[in-house]
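To start, the structure itself, in structure tokens.
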Amino acid sequence: MNLADRLRAAAERLAGRAVVTLDEAEITYGTLELLSARVAGLLRQRGIGAGDRVAVMLPNVPEFAVIYYGILRIGAVVVPLDPLLRRREIAAYVGDCGARLLIAWHAFAETAEAGTAGTGADCFFVVPEEFRRLLRGVAAEHDVAATAPDDTAVIHYTSGTTGRAKGVELTHANLGGNAATVARMHALGVDDVVLGALPLYHAFGQTCSLNATIHAGARLTLLPRFEAGRALEVIRRDGVTVFQGVPTMYIALLDHPGASDMSLLRVCTSGGSALPVDVLRAYETRFGCSIVEGYGLSETSPVAATNRSGEGRRAGSIGWPIKGVEMKVVDERGEEVPCGHVGEIVIRGPNVMKGYWNNPAATAEALRDGWFHTGDLGRVDGDGFFFLVGRRRDVIIRGGYTVYPREVEEVLYEHPAVRHAVVMGVPHPELGEEIAAVVVPRSPVEPEELRDFTRQRVAAYKYPRHISFADELPISPTGKILKRTIGSPQDTVAPHPRRR
């Protein structure tokens, strides 16, 4: 049940076909199999064995796949880290999981060394040509360790926005099953080319891009950093058929002047955060390719639900649970709520994590009553379609009325001058919280115009009283808007947006 067996099986059938490319660089299935076997031999030389944690801090480069499968091959555990982490963050994650080794990209060597100082972890730096020369002198370990389905394969660290960052333990069965489901849902095959714009250190990119591609025998063309113009160039040059992105990527493509017909794309998927319906419709109208929205978390490997293409899709919905997975919406007592009512989304199935590394209290809290409690709020309609409302911690209580930020954000996105919008609560001495919005405009617009536009479309207690403007919003490497890092909009109300 080792994930690395998927690569070995694919290499036996497709040895000479390209599996990972980055511009002119190309690795075939046969080469990836051989190089990962040599990485396994290198790790053995360093005393790494089954169950040991190996941290990996690499951008979207072919070496990520080589090292990822090499670690899994010997039954060790991959701990993927964002290459842009600072010393303090590296020390926290490496120290928490007790990693024996940190494998880092050469450009981040100084930070990596500083971060591992005092943790007991060794450092190994990847310089592409030197790395290849080194591996040529290492004996390949062709055997793949026999792992049990519930053996930990990967530990993904959460962002830690609610306190101590937690290490999500995903098993070989979690990841292998989820990748196979993604490949089947999107009918991935040997002729498909998947755009690798999602960070491979993140669960979304790792499962849906890397593991699903190899499961299907397809090709992954990498994009180290998403930029709309560059993405369009790669899509056209490499004949990309599958684009997996997050809402900010689709918005950037819509705003790019060089974007035109992209009907060569067979599948477009969106995840990571809710996709505004107005963005979905504008993209499909302009580019002739539909977007299938999905839902999941690192704790669910990550895919838990997805819309279906064609007539089985409902705009604005995250669809239904994937095969073998159960989802429901519950109240604070854990009891299922009626259709149309808002509650917490809970999930049960083979995609749900083993637990949080070395954190039994957090594991017990998240996996209580046999269900994973997501902290996300949603509802279900009469046809069984799930709709994401927002995070429980983001809900605004204004004068006793409950306001879900996503509902207001959806309305703001309908205004043609709005490129990005985020809605949040700010303290109010009488109401408890007041509604505020930060908007990145695509054309000049007055705050009062946006207030009136929203007020005409939502209940009187929901429209934003405070509106401020920004040139950009803080966005994580995975494309999520970092709402909690935005200052109080009430303090930065501007009379007019900057001209773009």
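Each value in this text was obtained by applying a stated rule to the coordinates, not by laboratory testing. Since this is a predicted model, take the numbers as computed values, not measurements. For neighbour counting, all protein chains shown are included, and Cβ atoms are generated from backbone atoms with ideal geometry for every residue, glycine included.
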Just name one of 28, 268, 437: the one whose Cα is farthest towards the positive end of the charge dipole of the chain (beta-carbon charges, Lys/Arg +1, Asp/Glu -1).
28
How large is Rg over Rh for segment 4-147, taking Rg from the Cα atoms and Rh as the Kirkwood inverse mean of 1/r across Cα pairs?
0.96
Taking the Cα centre of segment 4-147 as origin, work out the dipole magnitude from +1 charges on Lys and Arg Cβ and -1 charges on Asp and Glu Cβ, in debye rounded to 20.
280
How big is D for segment 161-292, in µm² s⁻¹ as a whole number, if Stokes-Einstein is applied with the Kirkwood radius of its Cα pairs at 25 °C and 0.890 mPa s?
160
Gain on full stretching of the segment that runs from residue 113 to residue 414 - 0.36 nm per residue minus C-alpha separation
103.6 nm
Need one number: the % of Cα-Cα pairs in segment 193-392 sitting beyond the 32 Å mark.
19
If a/c stays under 1.5 just call it rounded; otherwise compare a/b with b/c (prolate if a/b is bigger, oblate if not). Do that for segment 51-106, with a ≥ b ≥ c from the square roots of the Cα gyration tensor eigenvalues.
oblate
List 299, 227 from most exposed to least, where exposure is judged by having the fewest other Cβ atoms within 10 Å.
227, 299
If you average the C-alpha positions of segment 237-255 and of segment 290-340 separately, how far apart do those two centres end up, in angstrom?
22
Can you give the FRET efficiency to the nearest 0.05 for residue 407 and residue 358, using r as the Cβ-Cβ distance and R₀ = 45 Å?
0.70
Bin width 10 Å, alpha-carbon pairs only: give the P(r) of the chain as whole percents, running from 0 to the bin holding the largest distance.
4, 19, 29, 27, 16, 5, 1, 0
Based on the alpha carbon coordinates of segment 395-491, what radius of gyration and maximum Cα-Cα distance (Dmax) apply, in Å?
12.7, 38
List every DSSP H helix in the chain whose Cα atoms extend 18 Å or more along the helix's own long axis and whose mean Kyte-Doolittle hydropathy is at least 1.0.
none
In nm, give the distance between the simple-model label positions of residue 449 and residue 26, each being 7 Å from the Cα along the Cα-to-Cβ direction.
5.1
Contour minus end-to-end for residue 143 and residue 233, with contour as 0.36 nm per residue of separation and end-to-end as the Cα-Cα distance?
28.4 nm
Helix-only [θ] at 222 nm, the chain, -39500 (n - 2.57) per DSSP H run of 4+, per residue, nearest 500, equals -8500 deg cm²/dmol
For residue 323, put the label point 7 Å out on the Cα→Cβ axis and report which residues of segment 167-201 keep their amide N under 11 Å from it.
180-187
Summed over the other residues with a beta carbon less than 15 angstrom from that of residue 127, with K and R at +1 and D and E at -1, the charge totals -2
Beta bridges per DSSP with both ends in segment 144-296, % antiparallel, nearest 5
30
Whole-Hz Karplus ³J(HN,Hα) for segment 468-473, in order, using 6.51 cos²θ - 1.76 cosθ + 1.60 and θ = phi - 60°, x for Gly and Pro?
10, 10, 9, 5, 8, 10
Any idea how far the Cα center of segment 180-236 sits from the one of segment 99-169, in Å?
22
Can you compute the modelled spin-label distance between residue 397 and residue 480, with each label point 7 Å from Cα toward Cβ, in nm?
2.4
Given a Förster distance of 41 angstrom, what is the FRET efficiency for residue 136 paired with residue 164, based on the Cβ-Cβ distance and rounded to 0.05?
0.45
Please give the Cα centre distance for segment 348-413 versus segment 257-287, rounded to the nearest Å.
25
